[in-house]
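Below is one structure, written out as structure tokens; comments come after it.
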Amino acid sequence: MRKYLLKRIFYMILTLFLVATLTFFLMKLMPGTPFTNQQKMTAEQIQIVNEQYGLNKPIWQQYLLYLAGMVHGDFGTSFQFSNQPVSYLIASRIGASAQLGVQAMIFGVFFGIIIGSVAAINRNTWIDTTATVLSIIGKSVPNFVLAVLLQYYIALKLGWLPVADWNGFVYTILPTIALGVGPLAETSRFVRTGMVDVLNSDYIELARAKGLSKFGIVYHHALRNSLIPLVTLIGPYTVALMTGSMVIENIFSIPGIGEQFVKSITTNDYPTIMGVTMLFSTGLVLVILLTDIIYGIIDPRIRLTGGSGE
Amino acid sequence: MEEKLKLDPASFEPLPKADDLDNEKIAAPSLTFLQDAWLRLKKNKGAVISLFILIVMFVVAFGSTFFISHDDLIRSAPQYANLPTKIPGIDINGLNGKLKVAGEWVDIYERNGVPSDVHFILGTDYLGRSLAQRIIYGTKISLIVAVAATFFDLLIGVTYGIVSGWKGGKVDTFMQRVIEVISSVPNLVIVVLMLLVLKPGMTSIICALAISSWTTMARMIRAETLSLKNQEYVLAARTLGESPHKIAWKHLVPNLSSIIIIQTMYTIPGAIFFEAFLSFIGIGISAPQTSLGVLLNDGQKSFQFLTYQMWYPAIVLCVLMISFNLLGDGLRDAFDPKTRR
């Protein structure tokens, strides 16, 4: 177990190192400059600014400084907001993004499990069909389309919920729904398939023969076993939520990481792009590792030492 | 009173000799794997309808290349700006050139002095360009992305998976580590990195797909190849001295075909969503080219008053995604009947 963990952590660091290196050198290849109106600046001014941001040193030195800084959690200074360290920028915005992501994940998984189980119990009835149709629609409608529609019809036309901004729980409802519908659809399909499998197994037959109630069977016996494979979906969901957050945060003007990332791309703010890229990659790598560990704990049949998926 | 049972030998008929009787005869013609899958697919209404819709979309989108030139896409006609749908002969509010302005239906065509013989089936955008043309062009972009994703899935994913599974040992370990590294970088980060080097547009989207879209396929193909490798027929082929290349083509690929087809059908909607998403946030396809994502972004800006500008591209995109998803589900059930419940 320990050997396995050490190996995994080593690969994790290797991955992050590769991402950091690639990002850095691609960033150097990038056309355009971070300074607006560079044509209007004198050579002297350019030199001062370059010195201020450490851009006059040779590339390998910049690279080493960058790596060393990153180990200490220092991603440099944002070009867009002068004198704002990127780490501060991220720290001030991560709260909203994390809250939105966690809420969307909980919303999607919770309702997904309920819908999936109900569909499996009522297999081949109209309930099942409705659930299937809904989950296909939920999977197919892009979250940004849904977000705009929700914003317009529920917030603007009906006026039930605030249109945008980030000032407390009511403001989080619409973005959470828009972001969580994808995971919801995926979860419900997944749970349904797993549940149908489990409901056909012998021990469920036994539970039924003992005279347990339908709810008791599903809740105590079927649900637990059909939820185990769901853990493998956490990784893909995290990616989907990270990607989704960019556009959802934009639509609902939520001060989060995703919105900042899009802004940084359009303004050539390299340090912020690099910082957020590293943040996303680290997050994903950690989630994948955690998923594998959790999977090994809740389902002892999967041996961690055997490597993943073998 | 006993009545004797009289049996006349003539009432008996000799059975045909066993040799003549074809006990093994199978009434139905034997079906190949693909024919069998096709038969099952045909029973799935949703999948057949989706297939039909997709074929129509492909034909219309790619056929439009001859009718919609680049100039048509960029030519603006401010006098026709923001006209709603007008289909001659139909007099339903919303489809007859009327639009709700301050709570009342107003004929925008009349108000803006548009000649009576000019009409736009899906209306126009803020520069007076036909929305129908732009949507068809956008659909074409989406389908090109779909084709590109399929291409990389097949070319890189399948090859990578087969080589990794077939070689085994250290090569396999190394190749799997590479996949792990690639798939632990979020897709979006790859695109952003591509954008930094290339210009935003089709090239960077396709490059990003080439780097990241095939990893799931490669994993599945590898797992299956590992088990196929030890099958008797593959062992036989190896013993006979068949080259690995030929074994891969003759034995592995045909047996992997169902996985390949099913997995491709899952990659495609993902790729289409990805392009629309990037274009929507403004780092994908950019003007003068257009795509469904760009149209949605434009439509979103004026959604409050000109709802049709958002609804039409949204519907087309959703129909495209639903069709691919339904067809994918149908194909999975058709190729792998065990999963069907």
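Working only within the range B:268-313, note down all residues that are at pLDDT 85 or above and at the interface with chain A (Cβ under 8 Å from one of its Cβ atoms).
B:PRO269, B:PHE273, B:ALA276, B:PHE277, B:PHE280, B:LEU296
Go through the range A:134-193 and give me each residue that's free of Cβ contacts under 8 Å to residues at least 12 places away in the same chain and surrounded by 22 or more Cβ atoms within 10 Å (Cβ to Cβ).
A:SER140, A:PRO142, A:VAL145
Tally up the residues in the range A:71-88 that are closer than 15 Å to A:ILE265 by Cα, surrounded by 20 or more Cβ atoms within 10 Å (Cβ to Cβ) and of a type in the set (A, V, I, L, M, F, W, C), please.
2
Yes/no per residue for (1) under 29 Å from the mean Cα position of the chain (by Cα); (2) in contact (Cβ under 8 Å) with a residue 12 or more places away in the chain:
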{"residue": "A:ILE59", "(1), (2)": "no, yes"}
{"residue": "A:HIS72", "(1), (2)": "yes, no"}
{"residue": "A:SER78", "(1), (2)": "yes, yes"}
{"residue": "A:ALA96", "(1), (2)": "yes, yes"}
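Please determine, by comparing only the residues of the range B:188-206 that are more than 7 Å from chain A (Cβ to nearest Cβ) and within 23 Å of the chain's Cα centre (by Cα), which one is surrounded by the most Cβ atoms within 10 Å (Cβ to Cβ).
Going through the qualifying residues, I end up with B:ILE205.
Out of A:VAL239, A:VAL191, A:VAL218, A:VAL231, report the one residue that is of a type in the set (Val, Ile, Thr), farther than 30 Å from A:GLN52 by Cα and at pLDDT 85 or above.
Answer to the check: A:VAL191.
Could you tell me whether A:ILE115 is surrounded by fewer than 22 Cβ atoms within 10 Å (Cβ to Cβ) and in contact (Cβ under 8 Å) with a residue 40 or more places away in the chain?
Judged against the criteria, A:ILE115 is not a match.
Which condition does B:TYR233 not pass, out of (1) in contact with a helix residue (DSSP H, G or I) (Cβ under 7 Å, 6 or more places away or on another chain); (2) within 14 Å of another protein chain (Cβ to nearest Cβ), if it passes all the others?
For B:TYR233, the failing item is (2).
So which of B:GLU242, B:GLU224 ends up being surrounded by fewer than 21 Cβ atoms within 10 Å (Cβ to Cβ) and free of Cβ contacts under 8 Å to residues at least 40 places away in the same chain?
B:GLU242
If we only count helices (runs of 4 or more DSSP H) wholly inside the range B:162-238, which ones have 2 or more residues that are farther than 21 Å from B:LEU256 by Cα and either among the β-branched types (Val, Ile, Thr) or outside the structural domain of B:ALA271 (by TED's automatic domain parsing) (or both)?
Once the helices (runs of 4 or more DSSP H) in the range B:162-238 are filtered for at least 2 residues that are farther than 21 Å from B:LEU256 by Cα and either among the β-branched types (Val, Ile, Thr) or outside the structural domain of B:ALA271 (by TED's automatic domain parsing) (or both), what remains is B:169-183, B:187-197, B:202-212.
Listed here are the residues, each with its yes/no results for (1) in contact with a Phe, Trp or Tyr (Cβ under 9 Å, 6 or more places away or on another chain); (2) closer than 19 Å to B:LEU193 by Cα; (3) surrounded by fewer than 24 Cβ atoms within 10 Å (Cβ to Cβ).
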residue	(1), (2), (3)
A:HIS220	no, no, yes
A:VAL231	yes, no, yes
A:ILE234	no, no, yes
A:ILE248	yes, no, no
A:GLY258	no, yes, no
A:VAL262	no, yes, yes
A:ASN268	yes, yes, yes
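What do you reckon, is B:VAL178 crowded, with 21+ Cβ neighbours inside 10 Å and either under 19 Å from the mean Cα position of the chain (by Cα) or not aromatic (Phe, Trp, Tyr) (or both)?
For B:VAL178, the condition - crowded, with 21+ Cβ neighbours inside 10 Å and either under 19 Å from the mean Cα position of the chain (by Cα) or not aromatic (Phe, Trp, Tyr) (or both) - is not met.
For the range A:1-31: of the residues being farther than 21 Å from B:ILE179 by Cβ and in contact (Cβ under 8 Å) with a residue 40 or more places away in the chain, which is farthest from the other protein chains (Cβ to nearest Cβ)?
Out of the qualifying residues, it is A:MET1.
Being at the interface with another protein chain (Cβ under 10 Å from one of its Cβ atoms) and either in contact with a helix residue (DSSP H, G or I) (Cβ under 8 Å, 6 or more places away or on another chain) or modelled with pLDDT under 85 (or both): is that true of A:GLY275 here?
It is false that A:GLY275 is at the interface with another protein chain (Cβ under 10 Å from one of its Cβ atoms) and either in contact with a helix residue (DSSP H, G or I) (Cβ under 8 Å, 6 or more places away or on another chain) or modelled with pLDDT under 85 (or both).
From A:ILE90, A:ILE106, A:ILE121, which residue is farther than 27 Å from B:ALA47 by Cα, at pLDDT below 90 and among the aliphatic types (A, V, I, L, M)?
So the residue among A:ILE90, A:ILE106, A:ILE121 that is farther than 27 Å from B:ALA47 by Cα, at pLDDT below 90 and among the aliphatic types (A, V, I, L, M) is A:ILE90.
State whether one or more residues within the range A:236-243 are of a type in the set (S, T, N, Q), buried (at least 20 other Cβ atoms within 10 Å of the Cβ), closer than 19 Å to A:ASN143 by Cα and at the interface with chain B (Cβ under 10 Å from one of its Cβ atoms).
yes
If a residue counts only when it is closer than 24 Å to A:TYR237 by Cβ, within 13 Å of chain B (Cβ to nearest Cβ) and under 25 Å from the mean Cα position of the chain (by Cα), which helices (runs of 4 or more DSSP H) contained entirely in the range A:122-219 have at least 2 such residues?
Counting at least 2 such residues, we get A:126-140, A:143-150, A:169-199.
Count, please, the residues in the range A:74-87 that happen to be of a type in the set (Gly, Ala, Ser) and at pLDDT 80 or above.
Selection size over the range A:74-87: 1.
Look at B:ASP336 and say whether it is touching a helix residue (DSSP H, G or I) at 6+ places or on another chain (Cβ under 7 Å), touching a residue at least 24 places away in the same chain (Cβ under 8 Å) and more than 30 Å from B:LEU228 (Cα to Cα).
no
Consider B:PRO186 carefully, then state whether it is in contact with a Phe, Trp or Tyr (Cβ under 6 Å, 6 or more places away or on another chain) and at pLDDT below 80.
It is true that B:PRO186 is in contact with a Phe, Trp or Tyr (Cβ under 6 Å, 6 or more places away or on another chain) and at pLDDT below 80.
The values are calculated or read from the model by the stated rules, or taken from the named source; none is laboratory data. These figures come from a predicted structure and were not determined experimentally. Don't worry about glycine lacking a Cβ; one is built from the backbone with ideal geometry, like all the others, and counts go over all protein chains shown.
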